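A.B. asks: Here it is, the structure in full.
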Amino acid sequence: MLFVMVLFQLSSFKVFKHFWLYGVEQKERDGFEERPGSARFGALMPRLFAPFCVLLHNLSGKQTGIYIVDSTRLAARGRSSMGWFCGFKLPVVMKRAGELMAVPPRTTPMTAPLADMVAGLEGRLLVDKGYISKKRVARLWDQGLHLLTGIRRNRKDCLRSDMDKLLLRKRFIVDTLFEKLTSEMGLEHTRHRSPTKAFVRILSCLVACTLGKNKVGMKDVACP
């Protein structure tokens, strides 16, 4: 079931029912000799939440010393055939090679899980200005993380090294990652029938992105 969900995220199908009918039961029929029906698969999907969490954690890999923290919108507030829904954001920690390092361990405000997400990491952390506070900077500095963010245009950037300035210019690659997750894998989705299935879909999307071959990253920036 884990493989089926990841395969769905990497396929060209946008609706899981269509993927099951025309992908699993027709195109890939020989690869799945024993398979449940689409309704039964949907009923069993909540069981994949914990395995996907473990799998995503194990795929985080080694530390690289350069990380980018940002968040993307999963859904805007609105109304669908299932009723009203409220949008929320997904913060992630991205490595310099375009791989995901961490996601929030719990549902909290955008800036709250930062300390938990970067626990055990050391190096440079490129963040948005919304994550900056004196208390957070001091705490992460003691941990071994140097927070980097942009400054106002009317101020001179004299205290940063050339490496730090170059890294800040490369921070936009996280937007490319979010664009890939949204446009190619359908991360922003509003037709979930349960919160658990929604998180299973999100986790499968993140795992598929991590396992994918085409990644965006700072390939031309040497790790200090």
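A.B. asks: If you take the residues of the range 29-66 that are more than 16 Å from A208 (Cβ to Cβ) and polar (S, T, N, Q), which of them is farthest from the chain's Cα centre (by Cα)?
C.D. replies: So the residue we want is S38.
A.B. asks: I'd like the residue in the range 104-122 that is on the phi < 0 side of the Ramachandran plot, part of a loop (DSSP other than H, G, I, E, B) and at pLDDT 75 or above and, out of all such residues, is surrounded by the fewest Cβ atoms within 10 Å (Cβ to Cβ). It would help to see each step written out before you state the result.
C.D. replies: Filtering the range 104-122 for residues on the phi < 0 side of the Ramachandran plot gives 104-119, 121-122.
Then drop every residue that is not part of a loop (DSSP other than H, G, I, E, B), which leaves 104-113, 118-119, 121-122.
Going one step further and asking which of them are at pLDDT 75 or above, we end up with 118-119, 121-122.
Numbers: V118: 22, A119: 10, L121: 19, E122: 14.
My answer is A119.
A.B. asks: Take the conditions over 26 Å from P46 (Cα atoms) and either at pLDDT below 70 or not in a loop (DSSP other than H, G, I, E, B) (or both) and apply them to L140. Does it pass?
C.D. replies: In short, yes.
A.B. asks: Which one of the conditions (1) over 20 Å from the mean Cα position of the chain (by Cα); (2) loosely packed, with under 14 Cβ neighbours inside 10 Å does S12 fail to meet, given that it meets all the rest?
C.D. replies: Every condition holds for S12 apart from (1).
A.B. asks: For the range 17-39: of the residues being of a type in the set (A, V, I, L, M) and in contact with a helix residue (DSSP H, G or I) (Cβ under 8 Å, 6 or more places away or on another chain), which is farthest from L7 (Cα to Cα)?
C.D. replies: The qualifying residue farthest from L7 (Cα to Cα) is L21.
A.B. asks: Now a separate question. L126: closer than 14 Å to I66 by Cβ, modelled with pLDDT under 80 and touching a strand residue (DSSP E or B) at 6+ places or on another chain (Cβ under 7 Å), yes or no?
C.D. replies: Details: closer than 14 Å to I66 by Cβ: yes; modelled with pLDDT under 80: no; touching a strand residue (DSSP E or B) at 6+ places or on another chain (Cβ under 7 Å): yes.
No; evaluated as a whole, the condition is false for this residue.
A.B. asks: What residue, among those in the range 34-65 that are surrounded by fewer than 13 Cβ atoms within 10 Å (Cβ to Cβ) and closer than 15 Å to I202 by Cα, is modelled with the lowest pLDDT?
C.D. replies: Filtering first and then ranking leaves H57.
The values are calculated or read from the model by the stated rules, or taken from the named source; none is laboratory data. As the structure is a computational prediction, the values presented were derived from the model and not from experiment. FYI the Cβ positions are ideal-geometry reconstructions off the backbone, even for glycines, and counts take in every protein chain you see.
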